[in-house]
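Here the structure comes first, spelled out in structure tokens, and everything after it is commentary.
Derivation of every value follows stated rules applied to the coordinates shown; laboratory data play no part. All values reported here derive from a predicted model rather than from experimental measurement. Note that each Cβ is placed from the backbone with ideal geometry, even for glycine, and that neighbours are counted across all protein chains shown.
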């Protein structure tokens, strides 16, 4: 059965800190790995990664995929209180998108 | 317009009620999804429609009945629900690859309907 595991499940840091969120997976016929940010209700798309070693970057957020070791990391530098959210990792295999449990990130001022 | 709109935002219903959740998108996406999300858990796939036809049913109980009247609309009809069905119900949409029919994994989510069953 396809599986996506995120760590840590919860993280509390101070504004300005840098955080690294982890996502490991076991999926048949891997196609892609996606990161979503969920504040309050609607998950919003951050990144989609398909190739190993190529960093995707958007402002203070960046992500990279390692297809050999079956994991991805999401980095957030110079964190702000607006970064507080649940960060979901999802992996597309042969069929459906499988979500991890999410990392609840809290940024304290 | 890159929005997926869901109504109502909140719904409280008794176990004998019949209600419907509605979802609308105008991005030209031909795949639409229903997900269920319990507190502190990831979204769980319920149904997928592709070109207005039911493509995936994740063994969801028959008290949940999906409907896709056209390419922009997706409904979820609810009847005789149980308290354990209380959750956030998320609608999403995505493109479908022409030719292969593969669902694009980049989903656009609505804000959800927070459902409470008493």
Q. Could you put B:60, B:12 in order, starting from the residue whose Cβ has the fewest other Cβ atoms within 10 Å?
A. B:12, B:60
Q. What is the distance in Å between the Cα centres of the range A:5-46 and the range A:53-109?
A. 3
Q: Return one quarter of the surface area of the convex hull spanned by the alpha-carbon atoms of the range B:1-81, equal to its mean projected area, in nm².
A: 5.7
Q | Potential extension, residue B:82-residue B:63 segment - 0.36 nm per residue separation minus Cα distance | A | 5.9 nm
Q. What distance in nm separates the simple spin-label points at residue A:58 and residue A:101, each placed 7 Å from Cα in the Cβ direction?
A. 2.6
Q) Can you give the % of DSSP beta bridges in chain B that are antiparallel, to the nearest 5? A) 90
Q: With just the Cα atoms of chain A, tell me how far they stretch along each of the three principal axes, in Å, largest first.
A: 42, 27, 20
Q. Can you give the relative contact order of chain B as a percent, counting alpha carbon pairs under 8 Å and 6+ residues apart?
A. 36
Q. Between residue A:28 and residue B:38, what FRET efficiency follows from the Cβ-Cβ distance if R0 is 25 Å, with the result rounded to 0.05?
A. 0.45
Q: Return the Cα extents of the range A:11-59 along principal axes one, two and three, sorted largest first, each rounded to a whole Å.
A: 38, 27, 21
Q: Rank the residues B:77, B:29 as a footprinting-exposure proxy: fewest other Cβ atoms within 10 Å of their Cβ go first.
A: B:77, B:29
Q. Where does each of A:30, B:103 land when they are ranked from fewest to most other beta-carbon atoms within 10 angstrom?
A. A:30, B:103
Q: List the relative contact order of chain A as a percent without decimals, with contacts defined as Cα pairs under 8 Å and 6+ residues apart.
A: 38
**Q.** Cα Rg, Dmax, the range A:54-95, angstrom units
**A.** 12.4, 37
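Determine the percent antiparallel among the DSSP beta bridges restricted to the protein assembly as shown, to the nearest 5.
90
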Q.
Give me the three principal axis extents of the range B:39-81 from the C-alpha atoms, as integers in angstrom, largest value leading.
A. 32, 24, 17
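Can you tell me the FRET efficiency between residue B:102 and residue B:12 if r is taken as the Cβ-Cβ distance and R0 is 41 Å, rounded to the nearest 0.05?
Computed FRET efficiency for residue B:102 and residue B:12 comes out at 0.60.
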Q: Express in whole angstrom the spacing between the alpha-carbon centres of the range B:79-118 and the range B:12-78.
A: 5
Q) What whole-number value in cubic angstrom gives the convex hull volume per residue for the C-alpha atoms of the protein assembly as shown? A) 129
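Pairs of alpha-carbon atoms within less than 8 angstrom and 6+ residues apart define the contacts here; what relative contact order does the range B:61-103 have, in percent?
Dividing the mean separation by the residue count of the range B:61-103 yields 24 percent.
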